[in-house]
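The next block holds one structure in the form of structure tokens; read it before the comments.
The values are calculated or read from the model by the stated rules, or taken from the named source; none is laboratory data. Worth saying up front: this structure is predicted, and the values here are computed from it rather than measured. Quick reminder, even Gly has a Cβ in these numbers, built from the backbone with ideal geometry, and neighbours come from all protein chains shown.
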């Protein structure tokens, strides 16, 4: 039997799609996530002039959608660093967290 779905805005009856059953994997435990808001990023400290805050530049490679050339994109994040333990030029790991200030929503994971 074919079921139809009626759209009130266009006033057209369309066939209802059949949904595929969800695939269930053997392992029931999901992989742990490092932070609630996102993953861990790695970057270079570019500024330590603020109190309890550092600026980390994270570089990633992105492929251009039309020309297919890989480009280097750099984004600067304000990161909470209690005690100003990181120095300029160091490679650090940062993780997303709750907003600490207007521009600061990352914390230092590993200096």
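Which ones in region 51-62 are surrounded by 10 or more Cβ atoms within 10 Å (Cβ to Cβ) and under 19 Å from the mean Cα position of the chain (by Cα)?
55, 56, 57, 58, 59, 60, 62
Among the residues that make up region 68-77, is at least one of them in a strand (DSSP E or B), surrounded by 12 or more Cβ atoms within 10 Å (Cβ to Cβ), on the phi < 0 side of the Ramachandran plot and at pLDDT 95 or above? Full working, then the answer.
Our first condition is that a residue be in a strand (DSSP E or B); within region 68-77, this holds for 70-77.
Applying the additional criterion that residues be surrounded by 12 or more Cβ atoms within 10 Å (Cβ to Cβ) yields 76-77.
Narrowing further to those that are on the phi < 0 side of the Ramachandran plot: 76-77.
Remaining after also requiring at pLDDT 95 or above: 76-77.
Yes - at least one qualifying residue is present in region 68-77.
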- Note on the structure: In region 99-111, anything surrounded by fewer than 15 Cβ atoms within 10 Å (Cβ to Cβ) and in contact (Cβ under 8 Å) with a residue 12 or more places away in the chain is listed as 101, 103, 110, 111
